[in-house]
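A.B. asks: Pasting in a structure now, in structure tokens, and then I'll have a few things to ask.
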Amino acid sequence: MGPITLFDKSFLQTLSTDESVWFDQFFYPVIAPLFYIETLADLEKKPREGKTAEEEVGIIAAKTPEMHGAPCFFHAELCIQDMLGRAVPLTGQIPMARGKSVMRDGKLGAVYDEPEEAKAFARWQRGRFYDVERTHARQWRAQIAGVDLAAIKKAMENAGITPKTCKTLADAVAMADTAVKALTKSTGRFDAMLTVLEVPERLRRHVKDRWKRLKQPPLSVFAPYAAHVLKVEIFFRIGLGAHLISSDRASHRVDMAYLFYLPFCQVFVSTDKLHRTCAPLFLRPDQSFAWGADVKTDLTTLNRHFAALPDEIKAQGVYKFARRLPDESNGIIRDLFARHTPRLLGPAAEDTKPHPCTGSDCLDTVLQ
């Protein structure tokens with residue numbers, strides 16, 4: 001099990017079923033809620049010739065990591081918890097909900113119920129779909145189709161964001177950073193920030209009271225994860241106004257939302273061009289962006305290697321015969337291991353890596 005890796009739907013769709021097995025085996029995938037939602041929405045999408053929508057969703061579900069992957073909690077809820085004072089770690093650990101604290105051998109740990117999303121994917125693999133899921137799929141596709149990026153672009157242009165005032169994506173990041181820093185300089189701006197982050201009315205007073213009680217600190221100090229989400233959101237809007245991000249594709253709104261989950265991984269892998277240009281601007285120095293096509297090529301090589309093993313070896317199961325990268329592997333996957341999990345490349349490497357959720361700080365106790 002290698003680096004904690006966020007992936008998007010576009011990447012998983014490029015993989016064969018066999019390649020997805022090796023992705024699951026050699027990485028610890030972060031399953032963002034957006035991935036489930038995007039996949040569900042395919043129930044209302046016109047399928048390829050010769051396939052039904054249900055079959056298309058089943059194919060994606062069959063490739064979804066099961067052995068090592070962990071579902072991440074929804075970013076909007078994480079923002080609220082962060083602003084209420086329940087810290088969200090931003091160091092490459094996966095915030096998980098529905099957990100319970102337990103003690104074993106004198107050590108504190110956590111156990112988790114199977115997420116509803118995982119249960120749904122198990123059903124989808126068997127071709128079982130509920131009416132409520134079809135309704136949600138229809139609503140989601142309608143919501144995406146109704147996103148008016150042109151209106152956001154126009155609003156930003158009216159605010160002075162143009163190709164002349166913002167020439168590069170790096171400029172857009174700097175401007176977004178400045179905007180986030182300014183949002184806590186007055187109560188009016190703080191209220192506007194709560195609106196952008198869609199904090200429920202019933203919670204706004206509690207958030208604001210805490211902010212005042214702490215003497216109105218910058219958002220990056222008050223709620224670091226909420227500051228990250230807000231920075232990505234403002235960057236996206238600036239990018240539209242400056243014509244650096246196209247307003248012609250409503251799906252860009254969903255694509256950008258994957259960046260909300262960057263703090264919870266070591267590697268982000270995608271085949272989306274918007275991710276390729278924008279994600280590196282928000283990565284920590286200890287994180288990597290990997291182009292999906294390159295990772296797929298390496299997974300294909302790994303699949304050929306393991307497929308060529310004698311049947312008696314393969315009969316032992318993946319956990320036995322593929323616990324480590326083969327020495328013949330010299331591609332991007334080995335490079336990612338070398339940077340993020342080098343101990344797994346050593347001659348005595350064992351699967352001793354701590355669980356990549358936030359351990360005792362996990363949202364198991366926070367969100368009960």
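The values are calculated or read from the model by the stated rules, or taken from the named source; none is laboratory data. All values derive from a computational prediction rather than experimental measurement. Here the Cβ positions follow ideal geometry from the backbone for every residue, glycine too, while neighbour counts run over all protein chains shown. Remember, those area values only see protein heavy atoms, side chains included, never the ligands or the DNA or RNA. Shrake-Rupley method; radii C 1.70, N 1.55, O 1.52, S 1.80 Å.
A.B. asks: Would you indicate which of (1) -1.31; (2) -1.15; (3) -1.49 is the value of log10 I(q)/I(0) by the Debye sum over Cα atoms at q = 0.15 Å⁻¹ derived from the coordinates of this structure?
C.D. replies: Read-out taken from this structure: (3).
A.B. asks: Beyond 17 Å, how much of the Cα-Cα pair distribution for the stretch 161-205 remains, as a whole percent?
C.D. replies: 47 percent
A.B. asks: Which whole-number percentage describes the relative contact order of the stretch 1-53, with Cα contacts under 8 Å and a sequence gap of 6 or more?
C.D. replies: 41 percent
A.B. asks: Starting from the exponent 0.38 and prefactor 2.2 Å, build the expected Rg for the stretch 239-289 from its residue count and divide its actual Cα Rg by it.
C.D. replies: 1.15
A.B. asks: A further question on this structure: Assuming 0.36 nm per residue, please report the length gained on full extension of the stretch residue 191 to residue 313 beyond their Cα-Cα distance.
C.D. replies: That works out to 37.7 nm of additional length.
A.B. asks: If one computes the Cα centroid of the stretch 284-331 and of the stretch 70-87, what distance in Å separates the two points?
C.D. replies: Taking the Cα centre of the stretch 70-87 as reference, the centre of the stretch 284-331 is 33 Å away.
A.B. asks: Still on this model: Might you report the magnitude of the Cβ-based charge dipole of the chain about its Cα centre, with Lys and Arg at +1 and Asp and Glu at -1, to the nearest 20 debye?
C.D. replies: Dipole size: approximately 1300 debye.
A.B. asks: Please give the direction-averaged projected area of the C-alpha convex hull for the stretch 10-66, in square nanometres with one decimal.
C.D. replies: Its Cα hull, projected and averaged over all orientations, spans 4.0 nm².
A.B. asks: Considering just Cα atoms, how many Å³ per residue does the convex hull of the stretch 38-81 enclose?
C.D. replies: 77 Å³
A.B. asks: What number, in percent, do you get for the relative contact order of the chain if the mean sequence gap of Cα pairs under 8 Å and at least 6 apart is divided by its residue count?
C.D. replies: Averaging sequence separation for qualifying contacts and normalising by length gives 28 percent for the chain.
A.B. asks: Here's something else I'd like to know. Counting only the heavy atoms of the protein chains, how much of residue 123 is accessible to a 1.4 Å probe, in Å² to the nearest 10?
C.D. replies: Accessible surface of residue 123 is approximately 40 Å².
A.B. asks: DSSP beta bridges in the chain, what fraction antiparallel, as a percent rounded to 5?
C.D. replies: 30 percent
A.B. asks: I need the helices of the chain that pass two filters: whole DSSP H segments spanning 24 Å or more by Cα along the axis, and mean Kyte-Doolittle score no lower than -0.5.
C.D. replies: Span-like helices, by this rule, are 224-241.
A.B. asks: Hey, another quick one. What ranking of 318, 267 comes out by heavy-atom accessible area, probe 1.4 Å, highest first?
C.D. replies: Result of the area sort, largest leading: 318, 267.
A.B. asks: Something else now. For a quick check of understanding: with a 1.4 angstrom probe and all protein chains in place, what accessible area in square angstrom does residue 300 have, to the nearest ten?
C.D. replies: Residue 300 has an accessible surface of roughly 40 Å² with all protein chains in place.
A.B. asks: From largest accessible area down, sort 289, 264; use a 1.4 Å probe on the protein chains.
C.D. replies: 289, 264
A.B. asks: Taking the radius of gyration and the Kirkwood hydrodynamic radius from Cα positions alone, what is the Rg/Rh ratio for the stretch 216-353, to two decimal places?
C.D. replies: Using Cα coordinates only, the ratio equals 1.09.
A.B. asks: Please compute the contact order of the stretch 258-319 in relative form: average sequence separation of alpha-carbon pairs under 8 Å and at least six residues apart, divided by the residue count, as a percent.
C.D. replies: Normalised by residue count, the contact order of the stretch 258-319 is 30 percent.
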